[in-house]
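Just so it is clear, none of the values below were taken in a lab; they were calculated from the coordinates. Note that the structure is a prediction, hence the values are computed from the model and not measured. Glycine also receives a Cβ, built like all others from the backbone with ideal geometry; neighbour counts cover every protein chain displayed.
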């Protein structure tokens, strides 16, 4: 996860082109100022894939797929820009219509063969890009179209996190699919209703160094943190029946007044499993990453509307009941956004930080419109997301799953951890939970 970009898999051949906004800005180049949360996320990247069967994409050429990008980028003008650094050292985006990159790739396997070999992995289906070392020539977004031997298609998005969070990335590629289907793009995007972080009375003002992030050192001008160990990624699919079994057999069978979501229960289960694997070194400090979903609106301008909270407990996660960990996640997390903003602004936006994986990080994406991407009215047969640039403590993404045969949704759990820990977690989840 922390390595520099690797070019293409030997199974594929690729061609790269550029798409710019349909309406040139000419001399109207403007600067898009990055806020503190954008700058916190500068070393992270959001990657997602959407795989469609051949029936969904019949007769669609690469030209058909690229055409919706032109009007889409009229809305997302800063997405076509390039990062610059001011004399003060603070980064911003110059809206200069430099464009996003389109990658056309061909794979000599069928969709079925690919999935049999790679399961839910994004590797090879998303262009592996990072910003730098020459920021003036580093695109902020890559969209990769991979044609399979059977006629199926994968749409892979690589999105620099400074542009916005995963909700924003998903909305961007969903808007592309809407325009592809013939819908007119909205006339404008709405600025989100994001409130300024407030100082919380339950925060320890005498010890206001945030623990949900850590400082990073970038190497060779690449905006990517080097890891101390190899961080691998694996996705677990939990069906709706498995979710119900998890809830009813363990947590809901015990009396509690907590209004639980699947996110809290899944996070507690995985937190406990990882703590048991690590033994006495199990995580007593974790980061919970959420968003105020009620403030998110349709046709929203991309933003990093995240809430980063810490949980610092004296309990031993490997020993306590899962319900106790659920209570910690629901009741005891402390919002660190105020001190994070203060830290970034005091450094004038020049410092580099790791957020995902600075501590073991749980990211709630349950309410994301993950399957809004449709081609010819058809949903993808598989969709997945992971984060690039994850620190050594790892990250857990809780995503909605596709509908099961009974019409209910399970969950996709994408986990990035050091390889040995991830291998042990796979065995433990299979043995203890049948996942």
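Tabulated results
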{"read-out": "For region 286-346 and region 356-430, distance of Cα centres in Å", "value": "18 Å"}
{"read-out": "Stretch gain in nm, segment residue 299-residue 369, where the contour uses 0.36 nm per residue and the Cα spacing is subtracted", "value": "23.9 nm"}
{"read-out": "R0 of 35 Å, Cβ-Cβ distance residue 332-residue 117: FRET efficiency to nearest 0.05", "value": "0.25"}
{"read-out": "Highest-MSF residue in the chain out of 158, 416, 63 [GNM, Cα springs under 10 Å]", "value": "63"}
{"read-out": "Residue exposure sequence - 344, 297 - by fewest surrounding Cβ within 10 Å", "value": "297, 344"}
{"read-out": "Gained length - residue 104 relative to residue 431, 0.36 nm times residue gap less alpha-carbon distance", "value": "113.6 nm"}
{"read-out": "Candidates 126, 320, 373: whichever shows maximal mean-square fluctuation once the chain is modelled as a Gaussian network with Cα springs under 10 Å", "value": "320"}
{"read-out": "Once the Cα gyration tensor of region 295-343 is diagonalised, semi-axes √(5λ) in Å", "value": "30, 15, 7"}
{"read-out": "Choice from 418, 24, 210 showing the highest fluctuation, given a GNM over the chain with Cα pairs closer than 10 Å", "value": "24"}
{"read-out": "Fully extended contour minus Cα-Cα distance, from residue 278 to residue 402, at 0.36 nm per residue", "value": "41.4 nm"}
{"read-out": "Dimensionless Rg/Rh of region 18-128 - Kirkwood Rh, Rg from C-alpha atoms", "value": "1.06"}
{"read-out": "Computed label-point distance, nm, for sites residue 15 and residue 314 using a 7 Å Cα→Cβ extension", "value": "6.6 nm"}
{"read-out": "Kirkwood-based Rg to Rh ratio, the chain, C-alpha trace", "value": "0.95"}
